[in-house]
Amino acid sequence: MSDATPSTELERAIRSQPAELTRLLTAPIPHQTVERLRQARRIWVVGTGTSLHAAELTAMMLHDAGRAATAMSSMRFVNWAPPVDPADALLLISHNAGEETAYAAAAFTMAMDAGLRVVPVTRRGGRLPEAVETVERERSHTYTVSYTGALLLLARLAHALGADSYGPEVLARIPPAVQAAIDDPGTQHIPQPERAIVLFGEGPAAVTAREGALKVREAARVLAEGYDVEHLLHGSAVPLDGRDHLVALTPPDTDGLVAAVGRAGAAEGIPLTTVSEPADLPPVLAQIPLTVRLQLLALRFATERGTNPDVAIEGAWADEHLWAIGMPPGFLSS
């Protein structure tokens, strides 16, 4: 990326990540927050959009700590509630502290009313009580640093709960890995597709595929899709052709399926780029710098297309009544 002054809030946020992640390596996490999760029988990890992707990776990190953790969307948790118990905990990820995300607010309210142990993960200065705070409120609609910052803090929580592979010496490798991704993203030669860009990976990289696709959609208004590699193979790849572009993401590739599906796509005449994260990190943590590489792809596409990556939700999609559906009455009004 150029050293010139950032021209958009998105670029500024992307470039801020090494410093913000370094700060968050030692940001205080209250002991009672860790204990609230340690004492829980099960942990429900809930979010919307980008925060749902963070929830999915967090559940994987909590599995590494030997904890029963399930990720789901805020709306599903509220409207199609699983059987919860007061012995459970809700780990709610919401950068805007539920103020703009109605079902995140509803999940918080419902869990509090049910007596669950609730741990919100929000922006700095959010109004949810006893929250783990990440970064200042993002100025771009295309969220970046709040996502990577939340993941680093959540990795610290997972380590405190018993995930030995996320110790301080490992987490300290993340900021320089992110800086390396910014300096050389490895996505510079991916062209804008004639029709769609399709990202895919295995396990945690499938989450990154969905997050990367969301960033490309928001920032550049390009049709982008993110898939688990098995799901892509089982029918979803059928309509793809030379007008599209496949992007294979690793690590991981446990059985070689990611590489094999990429070869099959290339044999069908679909352009293919493989983006691999070289940092010496566990596969879940490797998604942080890998995601930054895709953030930069979205920024480049936006620049080339002349779109404003800082304003994604507009027109009828921004109607305040639409966004208020599901909001609990009087949420945070006091």
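Each reported figure results from applying straightforward, stated rules to the coordinates on display, with no laboratory input. Since this is a predicted model, take the numbers as computed values, not measurements. Note that we place each Cβ from the backbone using ideal geometry, even for glycine, and neighbour counts take in every protein chain shown.
A few comments on the model shown:
- By definition, a body whose alpha carbon gyration tensor gives a ≥ b ≥ c is oblate when a/c is 1.5 or more and a/b is not larger than b/c, and the range 9-178 fits this oblate description.
- About its Cα centre, the range 9-178 has a charge dipole of approximately 100 debye under the convention of +1 per Lys or Arg Cβ and -1 per Asp or Glu Cβ, with nothing else charged.
- Options (i) 6, 26, 34, 25, 8, 1, 0; (ii) 5, 16, 12, 10, 10, 8, 7, 7, 6, 6, 5, 4, 2, 1, 0; (iii) 5, 21, 28, 23, 14, 7, 2, 0 - which one matches P(r) over Cα pairs in 10 Å bins from 0, in percent as calculated here: (i)
- Per-residue ³J(HN,Hα) for the range 162-170, Karplus 6.51 cos²θ - 1.76 cosθ + 1.60, θ = phi - 60°, Hz, x for Gly and Pro: x, 7, 5, 6, 10, x, x, 5, 6
- Integer Hz, Karplus 6.51/-1.76/1.60 couplings in order for the range 244-256, x for Gly and Pro: 9, 9, 8, 10, 8, 10, 9, x, x, 8, 4, 10, x
- Among Ile197, Ile182, Ile29, residue whose mean-square fluctuation peaks in a GNM of the chain (springs only between Cα atoms under 10 Å): Ile29
- Counting only alpha carbon atoms, the long axis of helix 50-64 and the longest principal axis of the chain meet at about 70°.
- Helix 204-220 axis, angle to the chain major axis (alpha carbon atoms, nearest 10°): 80
- Theoretical gain in end-to-end length, His231 to Ala172 [0.36 nm per residue, Cα-Cα removed]: 17.9 nm
- Computed [θ] at 222 nm, deg cm²/dmol, the chain (DSSP H ≥ 4; -39,500 (n - 2.57); rounded to nearest 500): -13500 deg cm²/dmol
- Angle between the chain longest axis and helix 145-160 axis [Cα atoms, degrees, rounded to 10]: 60
- Taking the average, over residues, of other Cβ atoms within 10 Å as the packing measure, peptides 308-320, 87-99 rank 87-99, 308-320 from highest down.
- Computed label-point distance, nm, for sites Ala87 and Glu304 using a 7 Å Cα→Cβ extension: 5.4
- Gaussian network model of the chain, springs between alpha carbon atoms under 10 Å - residue of Gln295, Gln32, Gln179 with greatest fluctuation: Gln32
- Total formal charge among the other residues, if their Cβ is under 11 angstrom from that of Ala163, Lys/Arg +1 and Asp/Glu -1: 0
- Under the criterion of Cα pairs below 8 Å and six or more residues apart, the relative contact order for the chain equals 19 percent.
- Highest average packing first - 323-331, 242-250, Cβ atoms within 10 Å: 242-250, 323-331
- FRET efficiency for the pair Val34 and Glu320, taken as 1/(1 + (r/R0)^6) with r the Cβ-Cβ distance and R0 = 41 Å, rounds to 0.65.
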